[in-house]
1. Could you list, ordered by first residue, the pairs with Cβ atoms under 7 Å in which the first is in the stretch 243-272 and over 26 Å from Tyr211 (Cβ atoms) and the second is outside any helix (DSSP H, G or I) and among the small types (Gly, Ala, Ser), at least 6 apart or interchain?
2. For the stretch 21-39, which residues satisfy the criterion of being free of Cβ contacts under 8 Å to residues at least 12 places away in the same chain and closer than 21 Å to Leu73 by Cα?
3. Could you grab the pairs with beta carbons closer than 9 Å, sequence gap of 6+ or different chains, first residue in the stretch 1-20 and under 18 Å from Ala55 (Cα atoms), second one surrounded by fewer than 11 Cβ atoms within 10 Å (Cβ to Cβ)?
4. From the list Ala212, Ala190, Ala185, Ala200, which one is farther than 16 Å from Leu73 by Cα and in contact (Cβ under 8 Å) with a residue 24 or more places away in the chain?
5. Scan (1) crowded, with 17+ Cβ neighbours inside 10 Å; (2) over 27 Å from Pro29 (Cβ atoms) for the single condition Glu141 breaks and write down its number.
6. Given Thr189, Thr183, which one is modelled with pLDDT under 95, surrounded by 15 or more Cβ atoms within 10 Å (Cβ to Cβ) and of a type in the set (Ser, Thr, Tyr)?
7. Given the conditions (1) farther than 30 Å from Pro135 by Cβ; (2) surrounded by 19 or more Cβ atoms within 10 Å (Cβ to Cβ); (3) modelled with pLDDT of 90 or more, and given that Lys258 satisfies all but one, which numbered condition is not satisfied?
8. Which of (1) part of a loop (DSSP other than H, G, I, E, B); (2) surrounded by fewer than 18 Cβ atoms within 10 Å (Cβ to Cβ); (3) in contact with a helix residue (DSSP H, G or I) (Cβ under 7 Å, 6 or more places away or on another chain) does Asn248 not meet, given it meets every other one?
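The values are calculated or read from the model by the stated rules, or taken from the named source; none is laboratory data. Owing to the predicted nature of the structure, the values given are computational and were not obtained by experimental measurement. Note that we place each Cβ from the backbone using ideal geometry, even for glycine, and neighbour counts take in every protein chain shown.
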Amino acid sequence: MDFYAELKQKVALINEALNNYLPAPDAYPPVIHQAIREVVFAGGKRLRPVLVIEAAEVVGGTSEMVLPAACALELIHTYSLVHDDLPAIDNDDFRRGKPTCHKVYGEALAILVGDALLTQAFALLAHNATLSLAPVNKVVEVIVEVSAAAGTKGLIGGQTVDILTTDAPVDATTLEYIQRHKTGALFKTAVRAGAVLAGADDCSLKALTQYAENLGLAFQIQNDILDVTGDMIQLGRPAGSDLKNKKNTYVSFFGLAKAREKANQAAEAARQALTPFKEEADFLRELTKFIVNKS
């Protein structure tokens, strides 16, 4: 298996689908649709939609069965970035190497762009039923789970605690809560959505869930590391933004060496979770290395 070739192929498939699903840039009112397309196609690794597709394929499904759901997860992720960058939260001027949405279009429109992306995401999730790609009960199950992952039990919950603890000491339990919810929740629901829509059995779903939980943690710890060791080219934004915003990170709490150790431990736990699978999960195994080695 050529990991990078498969990743490139999946990303191209996702980008083509996103282009088809999003409103045309000249649809009225054009400014909102142009802004939406700019933030969606500004770059990004498309890891969450890739995870949806790969999880489906691991349990015998196909990319076509879950493509709307995969794109939905990317839209939710992008909405969260647009809102995170706002002056009221992280006040970042650059994202993926380009000026952030509010710097180009103003805060009001950036808020609406995020709102529109989140709304469109749930329309795409419903498409899995309207297009008869999966049984209706499975689609409903996924919609409920994605709602929780994007809400106060997941992303919003983690973001809330992150904001409330800015420039304040936290313990290791609180730090892990922030990271597992703010970032990890979407990794977990991406994998579970793909597996559920493709008809995974309970054993496979449990293993994939454990994989995703640990992968999400490894990803966030590595992001914390890169905020200290990376640069504008690697990050798409100035390094040190976590320090500037007085955020609690694995590096600020444990130090750089210990953070690296914890990232590797989480990645190894993710790989071990895939023990029930054979070569069909090789891409997911390689993905753990890709995440902790990005530097």
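1. Pairs that qualify, where the first residue is over 26 Å from Tyr211 (Cβ atoms) and the partner is outside any helix (DSSP H, G or I) and among the small types (Gly, Ala, Ser): there are none.
2. Initial filter on the stretch 21-39 (free of Cβ contacts under 8 Å to residues at least 12 places away in the same chain): 24, 26-30, 33-34.
Within the stretch 21-39, Ala24, His33, Gln34 qualify.
3. Correct list of pairs: Met1/Glu279.
4. Values: Ala212 fails: farther than 16 Å from Leu73 by Cα; Ala190 fails: farther than 16 Å from Leu73 by Cα; Ala185 fails: farther than 16 Å from Leu73 by Cα.
None of the others qualify; the one that does is Ala200.
5. (1)
6. Values: Thr189 fails: modelled with pLDDT under 95.
Result of the check over Thr189, Thr183: Thr183.
7. Answer for Lys258: the failing condition is (2).
8. Exception for Asn248: condition (2).
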